[in-house]
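The values are calculated or read from the model by the stated rules, or taken from the named source; none is laboratory data. Note that the coordinates shown come from a computational prediction; the quantities given were computed from them, not determined experimentally. Neighbour counts are summed over all protein chains in view; Cβ atoms, including those assigned to glycine, are modelled from backbone coordinates with ideal geometry. All accessible areas refer to the heavy atoms of the entire protein, side chains included, with ligands and DNA or RNA removed. Shrake-Rupley method; radii C 1.70, N 1.55, O 1.52, S 1.80 Å.
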Amino acid sequence: MKSLCELLKESSTLHRHLCPRQVLGVRMGMLAGEVFDLELPQAQDAKRLLTIVETDGCFSDGVAVATHCWVGRRTLRIEDYGKAAATFVDRQT
């Protein structure tokens, strides 16, 4: 997995600046990879991880960069309740 600094750089490039919610999103995405013992982003070639975030914007950009879950790939779903929260699902287990 990429380092925190590398992921934050990618996230800030995608979002055009770095903010606290991006940092939280990246950290949560990294933790999901550790908890499920997934080598992200390689595990996403098989679309193994499904992520549901409860807000849009900065937070979801951080999660997407760390997990390589994207709306267009149908591995990231956004349920906008205005909360910095995410649910991670390992589709194999």
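So what are the ³J(HN,Hα) numbers for the range 61-66, from phi and the Karplus equation (6.51, -1.76, 1.60; θ = phi - 60°), rounded to whole Hz, Gly and Pro as x?
5, x, 4, 4, 5, 6
Among 7-16, 56-65, how do they line up by average Cβ neighbours within 10 Å per residue, starting with the highest?
On the way: 7-16: 16.5, 56-65: 23.4.
So the peptides 7-16, 56-65, ranked by packing, come out 56-65, 7-16.
Could you provide, to the nearest whole Å², the per residue accessible area of the chain with probe 1.4 Å?
Values: 5360 Å² over 93 residues.
For the chain, the solvent-accessible area averages 58 Å² per residue.
Calculate for the chain the 222 nm mean residue ellipticity that helices alone would give, adding -39,500 (n - 2.57) per DSSP H run of length 4 or more and normalising by residue count, nearest 500 deg cm²/dmol.
On the way: 3 runs with 38 residues, N = 93.
My calculation for the chain gives -13000 deg cm²/dmol from helical runs alone.
Over all directions, how big on average is the projection of the convex hull of the alpha-carbon atoms in the chain, in square nanometres?
Values: hull surface 21.1 nm².
Result: 5.3 nm².
Roughly speaking, to the nearest percent, how much of the chain's 1.4 Å accessible area is carbon and sulfur? Before the final figure, lay out the partial values.
Values: 2830 of 5360 Å².
Here carbon and sulfur together make up 53 percent of the probe-accessible area.
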